[in-house]
Amino acid sequence: MTDEERLHQAAWALSLEADAAPAPVAATRARILQRLQQSDRPRARRSSLVLGAALLLSGSVALATVGQPLARQLWQAVVDRYGPAATGARGAPRPRSPARPPIPAPGSGARIVPLPPPVAAPIPLAAGPSPVAGGARRARSGQRSQDPSLALFQRAQRLHFHQRDFPSALAAWDAFLARHPSAPLALEAGYNRALCLVRLGQRAAAATALAPFADGTVIHYRQAEARALMQALRAPPGGQ
Amino acid sequence: MSGSLVTTGAAMLLEDQASPPGETALVDGLRAREPGAVAMAYDRHHRAVRAFARRLVGDDEAAEDLVQDVFVALPSAVRRFRQRAALRTFLIGIAINHARHHLRAAARRRRTLERLARVASEPPSLPDEAAERRRLATALARALDDLPLKQRMVFLLCDLEHRSSAEAAAILEIPDATVRTRLHHARERLRAILAREGRP
């Protein structure tokens, strides 16, 4: 093998390995949204305080006559929101601001619930499917959250990419898609199923499975690869 | 099925230039910090960003952290977005800007695992072909750690993501000729490293 061939093979192997591993899609999504919500709270608080302070300190005649009642209302709103301790004013404790509505998960209408507190011991990966407690889990270092669809997906992946048992892998992809047609990994499973059909020489079925990825009906990052496979499938069998 | 799996840079460029329907509305929503805009951007583009991150850092955990950083940074970064290319390409650019810390973390983890592997001497549990592929991927990931970051980025975009030099130049905001020069040096260096590792 030449050095160039070795590099080409290594690049292909690295791409394949990178694509094969499952991903904590839902957990990462929830973590992103939680971080954004946490970073938005201080910004909103600072903006309100700065606006209130700017209006009060401006000291114009117009504000003293027309704006005075407005300033009084604004000041009261600031006191009500942040409390006498934050403003130095004496008054009733501020009411709790309404909780920001959570951003729903895609397609299901389910709410993103607050994460559970961290546990002392690491959560071991389950050997088989484990029930989903509802909502998001924290992406802990060295750990992954497990749900039934993920376990099925991993099984199909092992059969396909590690054991290279394509007939069994095809059955496993079909089982995953039948049971979890709307799972976050369903698109990936559909594409891998198409690859299985290519490997098994089922050209017509493979072309049907690849078509939505190739023609953009399904928005997928491997569209170009799907198109190249479709072109190869159109070539006569046994040719280059 | 042989080299037909390798896609052309032109095809990838066309795919990324074609904006999916509703992308303008999504970008407007991101700029206005509308609730749900980041979630929608994630749902549409997380696979592409994750695939790029994994190829870049060669470590699943570091890649997942990088994916998080990309989408958390998106509401601020979208102010720079000019819509000359697709949002997906812009997200790749954000990943590149945030990659340095994660590359170091991934490299540290790789070195630690290699030291542990030498001590534990685990028997191989995968079939030969899969084991060989894993060995090659690991060797390349290790070799990429030794490349200067600028060469590594170019190699990733052109040889792992199969983008054209023109697109890599647009993402990295450098001239096309610079991309080709860095790619040449990257390939030279990687060939030498892999050849040394391949010798008994």
Legend entry - Residue ranges of helices (runs of 4 or more DSSP H) in the range B:31-124 with at least 1 members among the polar types (S, T, N, Q): B:60-77, B:87-97, B:99-120
Legend entry - Residues within the range B:62-86 that are at the interface with chain A (Cβ under 9 Å from one of its Cβ atoms), under 14 Å from the mean Cα position of the chain (by Cα) and more than 15 Å from A:A30 (Cα to Cα), tallied: 1
Legend entry - Which listed residue, of B:L144, B:L157, B:L172, is surrounded by fewer than 20 Cβ atoms within 10 Å (Cβ to Cβ) and more than 8 Å from chain A (Cβ to nearest Cβ): B:L172
Legend entry - Residues satisfying the stated conditions in the range B:60-85, i.e. open to solvent by 20 Å² or more (accessible area, probe 1.4 Å) and acidic (D, E): B:D60, B:E61, B:D65, B:D69
Inset, instruction - Inspect all residues belonging to the range A:215-230 and state whether any of them is at pLDDT 80 or above and away from every other protein chain (no Cβ under 11 Å). - result: yes
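The values are calculated or read from the model by the stated rules, or taken from the named source; none is laboratory data. Nothing here was measured: the structure is a model prediction, and the numbers come from that model. Every residue, glycine as well, gets a Cβ built from its backbone with ideal geometry; the counts of neighbours run over all protein chains shown. Protein only, heavy atoms only, side chains kept; ligands, DNA and RNA dropped before computing areas. Shrake-Rupley method; radii C 1.70, N 1.55, O 1.52, S 1.80 Å.
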